[in-house]
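Down below is the structure, laid out as structure tokens.
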Amino acid sequence: MSEEEIKKIRIELAHFAKIANEIDQKEKLILDDLASKGVVRPLYSESKPLSEILKAKRDYMRELRSTSAYSDISSWVTNTINKQYVLYMIEQEEENLLCCSDPRSIKESKEKIEKGRKLLETDLQAALDFFTEIGTCHHLWSLESKLLKETFGVRIYSSQELFPDFMFD
């Protein structure tokens, strides 16, 4: 994606940063107030102010995803974060090699690195599937959030943030 395309999309999505900031500030005030009352992990479904925050977040995401700018970048973002994740997992396997002394584990890590690199060159989805494990969604959401914030200046909410009363893996 060119710098000019990124700049154009940043301009188109600029107002979303303000909206997300307002939502986050309101949520922080509510959570700080609850924490001062001893409530550490509130159930959003049991709190009217927090359920209103969730509605605002979900409306925000629906509106963001419906923009042409977001549609223009969504496949680029997905490919970028998937590639970052696969590279991260290969890096983790390489680190395992440095601290491992078991010959079988060393062989497994080397095979995983080799297969991961080959898949990355030929089939990104297969490479992602190869390294997917429990908790991968959280890592991908984190990468997506960081990429969108740093590149386009836009805040997104993960499924965990949109549905905090649910467990994700």
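Here are the numbers:
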| item | result |
| --- | --- |
| So R155, is it in contact (Cβ under 8 Å) with a residue 24 or more places away in the chain and open to solvent by 70 Å² or more (accessible area, probe 1.4 Å) | no |
| Members of the stretch 98-141 that are of a type in the set (G, A, S) and more than 30 Å from F166 (Cα to Cα) | S101, S105, S109, G116 |
| Test: residue in the stretch 55-76 that is in contact with an Asp or Glu (Cβ under 6 Å, 6 or more places away or on another chain) and modelled with pLDDT of 95 or more | no |
| The stretch 158-167, subset within 29 Å of S68 (Cβ to Cβ) and hydrophobic (A, V, I, L, M, F, W, C), residue least open to solvent (accessible area, probe 1.4 Å) | L162 |
| Residues of the stretch 32-54 that turn out to be assigned to a helix (DSSP H, G or I) and either exposed (fewer than 11 other Cβ atoms within 10 Å of the Cβ) or in contact (Cβ under 8 Å) with a residue 60 or more places away in the chain (or both), as a count | 7 |
| Filtered residues of the stretch 115-124 (kept if open to solvent by 100 Å² or more (accessible area, probe 1.4 Å) and either acidic (D, E) or at pLDDT below 95 (or both)) | E121 |
| Residue among M61, M1 that alone is among the hydrophobic types (A, V, I, L, M, F, W, C), in a helix (DSSP H, G or I) and in contact with a helix residue (DSSP H, G or I) (Cβ under 8 Å, 6 or more places away or on another chain) | M61 |
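The values are calculated or read from the model by the stated rules, or taken from the named source; none is laboratory data. Note that the structure is predicted; figures quoted are calculated from it, not measured. Cβ: placed from backbone, ideal geometry, glycine included. Neighbour counts: every protein chain shown. In case anyone asks, the SASA skips ligands and DNA or RNA and just uses the protein heavy atoms, side chains included. Shrake-Rupley method; radii C 1.70, N 1.55, O 1.52, S 1.80 Å.
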